[in-house]
1. Taking region B:103-146 only, how many residues are crowded, with 17+ Cβ neighbours inside 10 Å and not small (Gly, Ala, Ser)?
2. Considering each of B:Leu32, B:Leu5 in turn, give the residue that is surrounded by 19 or more Cβ atoms within 10 Å (Cβ to Cβ) and part of a strand (DSSP E or B).
3. Only one residue in A:Ile146, A:Ile124 is away from every other protein chain (no Cβ under 14 Å) and more than 29 Å from A:Gly23 (Cα to Cα). Which one?
4. Filter region B:38-91 for residues that are under 12 Å from the mean Cα position of the chain (by Cα) and of a type in the set (Asp, Glu); which is farthest from B:Val146 (Cα to Cα)?
5. Tally time: how many residues in region A:24-57 are buried (at least 23 other Cβ atoms within 10 Å of the Cβ), of a type in the set (Gly, Ala, Ser) and in contact with a Phe, Trp or Tyr (Cβ under 7 Å, 6 or more places away or on another chain)?
6. For A:Leu204, which of the numbered conditions (1) farther than 25 Å from A:Asp150 by Cβ; (2) in contact with an Asp or Glu (Cβ under 6 Å, 6 or more places away or on another chain) fails to hold?
7. State whether the residues of region A:156-166 include one that is assigned to a strand (DSSP E or B), on the phi > 0 side of the Ramachandran plot and out of contact with any strand residue (DSSP E or B) (no Cβ under 8 Å at 6 or more places or on another chain).
8. Would you confirm, using the coordinates I've provided, whether A:Ala94 is modelled with pLDDT of 95 or more, surrounded by 15 or more Cβ atoms within 10 Å (Cβ to Cβ) and within 14 Å of another protein chain (Cβ to nearest Cβ)?
Amino acid sequence: MKPAPFDYVRPGSLAEACELLAGDEDARLIAGGQTLVPMLAMRLARPARLIDILRLPELAGIRAEKGAVVVGATTRQAVAERDPTIAAHVPMLARVLPWVGHPPTRNRGTIGGSIANADPSAEIPLVTVTLGADIMLATPDGPKSIAADDFFMGPMTTSIGQGECIGAIRFPVWPHKRIGVGFFEISARRSDFAFVAATAQVALDEEGRCLAVALGLGGVGDRPLRLDVSSLVGTELDAADMKDAVHAASSGIDAMSDLHASAAYRRRVAVTLCIRALEQARAEAAANPAEAAR
Amino acid sequence: MKVELRINGVARSAEVEPRKTLLDTLRENFLLNGAHAGCEHGVCGACTVLIDGEPVRSCLMFAVQADGYEITTIEGLAPVPGELSVIQDAFCETHGLQCGYCTPGMILAAHALLQRSVTPTREDIVEAISGNICRCTGYGQIIEAVQFAADRMRVANTPRANAPADKSEAEAK
């Protein structure tokens with residue numbers, strides 16, 4: 001359990017980091033290291049050089065913009081978990097963070113690192129796909145942005161190119177007043193990898209009708225999936241509506257099968273958790289009093 | 001590579017390979033053997049140390065990444081040599097350990113929790129030690145130990161006139 005030898009460099013700027021990365025096929029970025037270091041220890045990864053981006057000021061910070069919250073890639077999961085801006089404006093991210101690893105791994109692990117790792121059962125990538133976040137990349141040719149849906153290609157595989165580095169994640173903030181989120185996950189142990197994770201966000205009008213809805217599923221497909229339940233918009237989200245919408249949206253999913261959970265099990269649990277997540281989101285949104293919302 | 005670390009309040013330096021984990025550096029270069037090498041890939045929590053007061057796994061960090069932080073190991077908790085911290089003592093009192101391999105990590109995780117609040121709920125304690133595996137105790141007595149330490153720290157920090165015992169006496173009169 002000792003990593004193979006490597007060089008270690010800590011560039012002073014993001015541009016320098018991208019340049020180093022672009023010029024060296026055997027180099028890997030390291031930030032929190034909570035997934036990469038175990039892979040190094042087991043020698044599943046043997047980079048010749050580690051480029052440490054954790055302390056780059058360009059990658060730090062959480063800021064609210066018009067219609068979005070931008071989270072710097074090296075924001076620690078534990079910091080995001082306690083952040084008031086995220087709690088207020090991206091409640092889905094705040095909800096899932098306690099399920100990401102354990103307190104000691106969240107103290108080092110970063111938001112961008114979890115996204116770059118692209119584990120199909122990971123909660124943070126699930127939130128980016130469900131909400132339709134943008135992954136903002138620093139590249140040798142300047143910044144660019146990719147929709148989360150196009151970023152995740154498969155298990156541990158993303159569309160990121162050579163010399164590119166995740167700079168920040170732009171989470172859209174819904175303009176509605178009565179918003180609620182729901183999240184459920186099934187795993188062998190609390191905080192272990194999710195066999196199935198489902199998350200939902202719902203916005204209601206003053207009469208309790210659905211104005212907008214987003215539903216996402218992790219751990220089932222080979223990457224996080226956003227389910228189309230737009231047929232629920234305009235309804236009062238009663239049990240039959242939700243059941244029909246979830247069944248229709250999840251019918252074509254190609255579920256993974258492994259030692260821990262069969263594809264049939266994952267599909268069955270997915271439907272149940274999707275309905276529960278929608279119910280929880282609706283109840284939470286309905287608990288925001290219509291008159292107090294402005 | 002040369003690294004400058006701050007460990008238990010003391011500036012230390014060492015010559016290490018980049019691939020040397022903070023755990024191995026603490027144990028081999030500085031003979032701080034209280035951080036235990038368990039799984040060495042981030043699963044068991046036996047190697048827990050505090051970085052700026054928060055528990056992290058020292059096997060998932062290279063020593064070359066650890067400069068500029070305040071690193072606390074189990075050796076840094078006792079107030080003076082030969083004495084125990086309140087939490088260490090509580091683990092002894094409640095039999096919160098058997099073989100002792102997980103204990104430094106458990107105590108450091110509990111220490112970070114009780115630095116934030118001396119009124120944790122049982123769920124808070126369970127969450128705080130959820131990243132630390134114990135194969136002896138079944139966790140029950142570890143949770144009791146943390147609750148016991150929290151009780152003692154609460155009483156120790158309460159002015160006598162406001163202490164719960166005094167209050168109930170006053171009410172009885």
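1. Final tally of qualifying residues: 23.
2. Sole residue among the options that is surrounded by 19 or more Cβ atoms within 10 Å (Cβ to Cβ) and part of a strand (DSSP E or B): B:Leu5.
3. A:Ile124
4. B:Glu75
5. 0
6. With respect to (1) farther than 25 Å from A:Asp150 by Cβ; (2) in contact with an Asp or Glu (Cβ under 6 Å, 6 or more places away or on another chain), A:Leu204 is out only on (2).
7. Checked region A:156-166: no residue is assigned to a strand (DSSP E or B), on the phi > 0 side of the Ramachandran plot and out of contact with any strand residue (DSSP E or B) (no Cβ under 8 Å at 6 or more places or on another chain).
8. no
The values are calculated or read from the model by the stated rules, or taken from the named source; none is laboratory data. What you are looking at is a predicted structure, and each value in this text was computed from that prediction instead of being measured. Note that we place each Cβ from the backbone using ideal geometry, even for glycine, and neighbour counts take in every protein chain shown.
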